[in-house]
Amino acid sequence: MGKAILTPKVSIIILNYNGIKDTLECLDSLKKCDYPNFEIVLVDNGSENSQVETLEKIKMDGCRLILNSRNLGFAGGNNVAIKEILNKGDSEYIYFLNNDTVVESDFLAKAVEIAENDRLIGIVASLSLQYFNRGVVENAGHDFLNCGDFVPRRRGALKSKFNKVEDVLGACSAGALYRTKILVECGFYDESFFLNYEDADLSMRCILYGWKCVLQPQSVIYHKVNVSIKKVRDYSFNLRSQQNLLKAYWYNTPFLVLVFNFLFFILRDVAVVLVNVVFLHFEIAKVFVHARVRFFANFREVLIERSKRMKYKKVSSWYILKKQKFFLYVYLQYFWKIIVSNERSVLETK
């Protein structure tokens with residue numbers, strides 16, 4: 001029998017950047033939230049004046065507005081709110097919620113409940129379902145592949161397949177609960193990421209430092225995948241995303257895991273470049289190679305940051321090795337969609 005569940009205060013951070021329609025729908029869904037002790041911290045990240053004016057007119061209990069003068073990215077925008085929440089000092093949890101989501105009424109209660117029952121749980125990933133196909137999973141946390149990738153866990157699976165709490169190697173910040181304690185201990189989002197994979201980096205850093213990350217499938221949100229990102233996706237975005245992925249991997253992966261994964265890391269890189277050149281997907285090959293050239297050109301700085309983090313390492317390499325997934329199945333799916341079915345990759349802008 002579990003212990004009685006308390007209702008510690010939760011601050012929900014929502015970041016808006018020229019996405020007012022989605023933001024208003026998200027806020028409307030939160031009016032049905034049945035958790036009794038939460039506030040909404042709405043952050044505008046340098047949107048157009050008309051959107052700011054709309055946000056300033058919102059009258060909603062427990063909702064406060066932070067206006068950034070410019071776009072600080074997902075990492076920087078959220079960090080502004082985290083600092084304000086921690087300075088106020090009365091929230092035990094922060095829930096990161098994308099503005100292009102809507103929520104079930106009990107999403108927050110279910111997430112807090114599981115965290116309150118195990119003090120080693122630092123992060124609770126909600127089950128994110130597709131907004132336009134609500135029986136299908138958008139992500140169930142992150143999967144960590146042995147080639148160094150972080151990918152949406154079980155994307156495309158049926159919701160009915162998820163009925164128990166599971167340890168996972170990362171949470172997507174479209175919908176994730178963090179103890180404020182671990183943000184103080186492990187740090188905030190790395191603002192050098194700006195946008196994309198900053199959530200993989202943060203959650204893996206917390207796991208590295210000894211905290212548990214779990215999926216709570218009863219905490220359900222619905223996500224309009226890539227609605228926010230598609231407005232800014234171009235070659236430079238894809239280039240930075242690939243560099244961010246490499247940083248999240250090399251910053252947070254224990255040395256023994258790097259050694260075991262090294263062959264798979266090389267095989268994946270060579271295969272991706274060769275296959276995309278042979279089948280004339282030159283932009284994918286270009287961004288893949290370009291990102292690695294830029295990343296390894298600054299590898300000394302990467303190793304310095306990695307060294308700082310490894311001083312606080314508490315998780316065992318064996319834990320990561322057991323939880324990571326073999327990359328081939330995921331990459332065969334990519335091959336089928338992009339090469340065989342000729343679907344456009346997210347790394348292609350033309």
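Read-outs: derived from the displayed coordinates by stated rules, not from any lab. Since this is a predicted model, take the numbers as computed values, not measurements. When we count neighbours, we look across all protein chains shown, and the Cβ atoms used for this are built from the backbone with ideal geometry, even at glycine.
On a C-alpha basis, how far is the centre of the stretch 89-136 from the centre of the stretch 266-326 in Å? Whole number, if you could? Centre-to-centre distance over Cα atoms comes out at 29 Å. Rounded to the nearest 500 deg cm²/dmol, what is the calculated helix-only ellipticity per residue at 222 nm for the chain, with -39500 (n - 2.57) per DSSP H run of length n ≥ 4? After summing the helix terms and dividing by the residues of the chain, the value is -13000 deg cm²/dmol. Here is the list for the stretch 15-51: trypsin sites (Lys or Arg not before Pro) lying in DSSP coil, each with at most 12 other C-beta atoms within 10 angstrom of its C-beta, are K31, K32. Partners of K31 within straight-line reach, counting lysines whose Cα lies under 20 Å from its Cα and excluding those fewer than 8 residues away in the same chain: K9, K21, K57, K59, K110, K224. Placing +1 on the Cβ of every Lys and Arg and -1 on the Cβ of every Asp and Glu, with no other charges, gives the chain a dipole of roughly 960 debye about its Cα centre. Loop-located trypsin sites (Lys or Arg not before Pro) in the stretch 74-165 (DSSP state not H, G, I, E or B) with no more than 15 neighbouring Cβ atoms inside 10 Å: R119, K164.
Amide H contacts of G141: S128, R153, C172, each under 5 Å away and 5 or more positions distant or on a separate chain (H built 1.01 Å from N in the peptide plane; Pro and chain starts excluded).
Amide hydrogen proximity for V225: with H placed 1.01 Å from N in the peptide plane, the residues at 5 or more positions away or on another chain lying under 5 Å are Y131. Computed from backbone phi, the HN-Hα couplings of the stretch 242-253 come to 5, 5, 4, 4, 5, 5, 4, 6, 6, 5, 10, 9 Hz, rounded to whole numbers (Karplus: 6.51 cos²θ - 1.76 cosθ + 1.60, θ = phi - 60°; Gly and Pro given as x).
In this structure, the amide hydrogen of I66, modeled 1.01 Å from its nitrogen in the peptide plane, lies closer than 5 angstrom to those of L42, V43, D44, counting only residues at least 5 positions away or on a different chain.
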